[in-house]
Amino acid sequence: MHPVESAAMNEKDLLLFKQLKAQLGVPLIPGLMVLDVRTTQFVRVELVLLKALMEEGQPGLFISVDRPHQYIVHLLTMHGIDCRNLTFVDAVARFSADSKPTSVKVGFFQGPRNIDTLPEALKNWSAADGRPSFDLGECGFAVIDNLSTLLNYNSQQVVRSFLTDFISALGGKVTVPLLVDRERNPNLFMMIKSLEGREIALVPENVPMPSDRARLKISNSNIKGGY
Amino acid sequence: MEDSKLERTDLMRIPAGIPGLDEMIEGGFPFPSVILVCGSAGTGKTTFSLRFLCEGAARGEQGLYFTTLSEPTQWMMRFSSQFEFMRPEFFDNQIIYEDLGNILREGDSGKLLDAIESRIAEVVPQRIVIDPITVVGEMFKDNYRQFLFDLTNRLKNWNATTVVTGEVRPGELYPPEISYAVDGIVLLHLAEELGARRKYIEVLKMRGTNHLTGKHSIDISRKDGIVVLKARF
């Protein structure tokens, strides 16, 4: 059994997994993507998204700006997902008093402020600096946890600049799905779409939770809706 | 909005589910956050916690209830089933009940912390309850503060709102060891007035929230659990 499949998923998550797999493509379709996700569901959806991305076996990049990377490592480990193909860039751990140990490939960035300098820093990373060597050219996908948090530290202009440079640094061959709560961050959602970000559409009939039904009604859409 | 300025977004909030309380705290508890609900025996701490979880379950959110009392699930269900907001089908589905009593008795705070985190990582809840946290203080006297610091610090990173309940000792307003580490403190008072015992709720602290201050009368009913009564004058 594939390591990703070994973790049991409930019916709702399995449905989400299948929908995401269909949208991400096999092999992964490169480019910027955006998925409307309610803030309270970020971690759950991110977990299912990572399962879907990692099933292809390609190396991936995980940029942590909302919580120290150890939490995602713990989450993935608990769900039986092997982290060996993931390289973590932790931009928030230095702000945290947390000292949970992990044994994954991780490089620490100075902080979420001035995130626009990260793409250039990534290009120059090397093992000599005590950071994990990481070949951007080999990268299959990149996940940012999460983009909305960057707006606490940076202007929209800086976040836009970061995204543009980040996609460029990845050479346009990498899948970059971003989770954004459209209701709370409509400007950010539209910004990603303006950067040719493809909206990942989920079928609303397959979203059974009462809160999501309410949400779909608010968004007044028959096709797309927040998860 | 100028593009070069920071885009300030209001804090994400989730309704506590206690009728009248959400209006006092700008619509609900910040998400994520750690909230202390404290009071003496019989003030409604567990009822508050259950209502908080059931509110989430009704909204499709996952709940995780840690008890430190080694109380069997059916025993807790026996009493809580008297409330109309309680739906038995929530339990073992959208509300997972977890007993920490056995691990607590081992006396290893690191092991307890790991057990809590592992269950959180497994269940991925949006709402968590630890009821009551003060029992832990009695078990880990020497390193209780360190444990609370580690616990609250980690809970804040799990993308959930956590309600921890605390028993108040005579002469105390709230359990002092944990008060500095939480984002909000809700007091449940029991006061003797004119020969009768009356119950009150008071929001003492709620970070990032313009909350109502002062004591507000509450009632505990079978329909809604705790209800904040509206002032008659």
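No value in this document is a laboratory result; all are computed from the given coordinates. Bear in mind that the values here come from a model prediction, so they are computed numbers and not experimental data. We place every Cβ from the backbone using ideal geometry, glycine too, and count neighbours over all the protein chains shown.
Across the Cα atoms of segment B:91-142, what radius of gyration and what greatest pairwise Cα-Cα distance (Dmax) are found, in Å?
11.7, 37
Taking every pair of distinct Cα atoms and averaging 1/r, then inverting, what Kirkwood hydrodynamic radius in Å comes out for chain B?
Here the Kirkwood hydrodynamic radius works out to 18.2 Å.
I'd like the GluC sites (Glu not before Pro) in segment B:91-173 restricted to DSSP loop residues with at most 13 other Cβ atoms within 10 Å, sorted by number.
The qualifying sites are B:Glu172.
Within segment A:136-197, which trypsin sites (Lys or Arg not before Pro) sit in a loop by DSSP and count at most 13 neighbouring Cβ atoms inside 10 Å?
On the way: sites: A:Arg160, A:Lys173, A:Arg182, A:Arg184, A:Lys193; in loops: A:Lys173, A:Arg182, A:Arg184.
Those that pass, being in a loop and sparsely packed, are A:Lys173.
Tell me the label-point distance for the pair B:Arg207, A:Glu120, using the 7 Å Cα-to-Cβ offset, in nm and rounded to one decimal.
Those two pseudo-labels are separated by 3.4 nm.
Of B:Lys141/B:Lys205; B:Lys111/B:Lys199; B:Lys5/B:Lys230; A:Lys18/A:Lys193, which pairs sit farther than 32 Å apart, going by alpha carbon to alpha carbon? Please report the intermediate quantities before stating the final value.
On the way: B:Lys141/B:Lys205 26 Å; B:Lys111/B:Lys199 37 Å; B:Lys5/B:Lys230 41 Å; A:Lys18/A:Lys193 23 Å.
The answer is B:Lys111/B:Lys199; B:Lys5/B:Lys230.
Over its Cα atoms, what ratio of radius of gyration to 2.2 N^0.38 Å does the protein assembly as shown give?
Taking the Cα Rg and dividing by 2.2 N^0.38 Å, one obtains 1.01.
If we count other beta carbons within 10 Å of each Cβ, what is the order of A:Arg84, B:Arg207, fewest first?
Result, fewest neighbours first: A:Arg84, B:Arg207.
Going Cα to Cα from B:Lys223, which aspartates and glutamates come in below 15 Å? Please leave out same-chain ones fewer than 8 positions away.
Straight-line reach from B:Lys223, under 15 Å: B:Glu55, B:Glu84.
Points 7 angstrom from Cα along the Cβ direction at B:Asp10 and B:Leu69: gap in nanometres?
Each label point is offset 7 Å from its Cα along the Cβ direction, giving 3.6 nm.
Please name whichever of A:Phe108, B:Phe83, B:Tyr174 sits farthest to the positive end of the charge dipole of the protein assembly as shown, dipole taken about the Cα centre and charges placed at Cβ: Lys and Arg +1, Asp and Glu -1.
B:Phe83
What residues from segment B:200-231 fall in the zone where the backbone N is under 11 Å from a label point 7 Å along the Cα-to-C-beta line of B:Glu23?
Flagged as within label range: B:228-231.
Stokes-Einstein diffusion coefficient for segment B:136-208 at 20 °C in a medium of 1.002 mPa s, Rh from the Kirkwood formula over Cα pairs: what value in µm²/s?
Estimated diffusion coefficient is 152 µm²/s.
Taking the simple approach of a point 7 Å from Cα along Cα-to-Cβ for both B:Glu89 and B:Lys111, what is their distance in nm?
With each label placed 7 Å out from Cα toward Cβ, I get 3.9 nm.
Which value in deg cm²/dmol, rounded to the nearest 500, describes the helix-derived mean residue ellipticity at 222 nm for the protein assembly as shown, given -39,500 (n - 2.57) per DSSP H run of n ≥ 4 and division by the residue count?
That calculation yields -9000 deg cm²/dmol at 222 nm.
Rounded to the nearest 20 Debye, what is the dipole magnitude of the protein assembly as shown about its Cα centre when Lys and Arg each give +1 and Asp and Glu each give -1 at the C-beta? Don't skip to the end; give the middle numbers.
Details: 51 positive and 57 negative charges, 162 e Å.
Approximately 780 debye in magnitude.
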